[in-house]
Structure formats: structure tokens, C-alpha cells
1. Picking from B:19, B:89, B:4, which residue would you name as being over 27 Å from residue A:52 (Cα atoms), surrounded by 15 or more Cβ atoms within 10 Å (Cβ to Cβ) and in contact with a helix residue (DSSP H, G or I) (Cβ under 9 Å, 6 or more places away or on another chain)?
2. Give the residue that is nearest to residue B:94 (Cα to Cα), with candidates limited to residues of the range B:56-66 that are within 14 Å of chain A (Cβ to nearest Cβ) and either touching a helix residue (DSSP H, G or I) at 6+ places or on another chain (Cβ under 7 Å) or surrounded by 17 or more Cβ atoms within 10 Å (Cβ to Cβ) (or both).
3. For the range B:22-57, name all the residues that are in contact (Cβ under 8 Å) with a residue 12 or more places away in the chain and part of a loop (DSSP other than H, G, I, E, B).
4. On the basis of being in contact (Cβ under 8 Å) with a residue 60 or more places away in the chain, within 7 Å of chain B (Cβ to nearest Cβ) and under 27 Å from residue B:90 (Cβ atoms), does residue A:43 make the cut?
5. When you scan the range A:12-21, do you find a residue that is surrounded by fewer than 18 Cβ atoms within 10 Å (Cβ to Cβ), more than 8 Å from chain B (Cβ to nearest Cβ) and in contact with a helix residue (DSSP H, G or I) (Cβ under 7 Å, 6 or more places away or on another chain), even just one?
6. Can you tell me how many residues within the range A:69-95 are surrounded by 13 or more Cβ atoms within 10 Å (Cβ to Cβ) and either more than 21 Å from residue A:112 (Cβ to Cβ) or within 13 Å of another protein chain (Cβ to nearest Cβ) (or both)?
7. If you go through the range B:85-110, how many residues are under 30 Å from residue A:29 (Cα atoms), at pLDDT 95 or above and outside any strand (DSSP E or B)?
8. Select from the range A:26-43 the residues that are over 12 Å from the mean Cα position of the chain (by Cα) and either part of a strand (DSSP E or B) or closer than 21 Å to residue B:41 by Cβ (or both) and list them in ascending order.
């Protein structure tokens, strides 16, 4: 059972455009939702994260929107740049037993074209 | 070191061979994790250590997989009698926080050990 569903699988955006990646989760016990960025040959790196007590969090060009009732959250990359081209993973974890375990989506490969 | 260090970066093993993958976490980090990432997929949890104690090994796919962290710092993931389905990137990650205290630990990943079984 896939607990975190991510879409789209791949995304092509023009430089300066907005990239939007969506995730949906099933486990209502999840209470921490990070996004990771992964470049080829590298490990995932934390980009931004949100807890369900807020509906939006913004850091620079990156914004997470969170909809608790719909059990969905999304990453928006404003003014997308070629350097943003990477694979993005949403993830989720709980604060109860097993809080150490991140459940990842399958990833979105973003290509930003000049 | 400044980050999580893993070795070897690349390993080609013949089917049936045993392999050992090493992880040096960030100095002082209490929590250490191993994840498996198949090509084109997200990382999947394998096992978790808090200091030297292995608190969760529920993600290990079979009894051919074994992990240890005897002194609470360096960890080794061992795979016995490797099979082709074991081909993946094995990611080690560490965090300064303990489980159960607070969700939202910042978890730092290494660059991974790329295992190919032929």
C-alpha cells in the first residue's frame, strides 16, 4: 500500500515559470511533511518542510501548501531556474512510534528549460 | 566530517557474493538510518539505530540483510548472498534527534552506495 502518492512523475517548465508538484497521503497520523531535492548521483537534501498546524510555508522561491481535510500537500517553485532541474520527493512521518521513519513518494523529475 | 559519508560509492558484486557498505554519520548524531532506493523510485526505509541500539529493522527485505552500529557511530549494512533484486542505491542518513521526541527531525542523507549485482 503506497502511503504517499506523488504526481506528476515528470514535469517540464520554462525558465521563469511556476513548477507545481502534488502529493496525497492516506495515514492521518502523519504530522510532518518534508520535501527533498535530489540531483543525479547525490543523496536527497531537505528543501522545505511543513507541519499540519499551518496551511502554507514559504522559503524563498519555494512554497508548501497544505490541505489537511483533503490530505494533500504541494510544492510550488516560483521563477523556476535551470538549476532547479532535479528529482523532488515528498515525504511524511509521524511523531508517534516510528517517527524516525520517512515514507517517500515516488518522485517527480523536474526539467527547467531555458 | 561535514556530512554523512558512505563507502564504497560504487560496488559491483557477482550474484551470491557478500557485500558490506559503510556509513560514517555526522559527528555526534544519535540517530542513523538506512534506506534503499531502487532506480526511479523514492527511498524506502530499511532500519534505524539510536546510538548502538537497532530500534527498528522492519524494512529489511530478508534475513540476508544485516546492519550494525556497535559503538554508536559508524554503521555497516551487510548483504549476504546478493541477488539481482538487491541492485539499488543504499542511502545512509543521520539526525541529531531521537525518535519519539518530536517529528520533523532534519535528516541528512549521504550520497549513497550504488550496488549492482550481476
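The values are calculated or read from the model by the stated rules, or taken from the named source; none is laboratory data. The structure displayed is predicted, hence computed values, not measured ones. Methodologically, a virtual Cβ is constructed for each residue, glycine included, from the backbone with ideal geometry; neighbour enumeration extends over all protein chains shown.
1. Numbers: B:89 fails: in contact with a helix residue (DSSP H, G or I) (Cβ under 9 Å, 6 or more places away or on another chain); B:4 fails: in contact with a helix residue (DSSP H, G or I) (Cβ under 9 Å, 6 or more places away or on another chain).
Selected residue: B:19, the only one of B:19, B:89, B:4 that is over 27 Å from residue A:52 (Cα atoms), surrounded by 15 or more Cβ atoms within 10 Å (Cβ to Cβ) and in contact with a helix residue (DSSP H, G or I) (Cβ under 9 Å, 6 or more places away or on another chain).
2. Going through the qualifying residues, I end up with B:56.
3. Within the range B:22-57, B:25, B:26, B:27, B:28, B:29, B:30, B:38, B:39, B:43, B:51, B:52 qualify.
4. Answer is no for this residue.
5. Looking for residues that are surrounded by fewer than 18 Cβ atoms within 10 Å (Cβ to Cβ), more than 8 Å from chain B (Cβ to nearest Cβ) and in contact with a helix residue (DSSP H, G or I) (Cβ under 7 Å, 6 or more places away or on another chain), one finds at least one in the range A:12-21, hence yes.
6. 12
7. The number of residues fulfilling the criteria is 1.
8. Of everything in the range A:26-43, those that are over 12 Å from the mean Cα position of the chain (by Cα) and either part of a strand (DSSP E or B) or closer than 21 Å to residue B:41 by Cβ (or both) turn out to be A:26, A:27, A:30, A:39, A:40, A:41, A:42, A:43.
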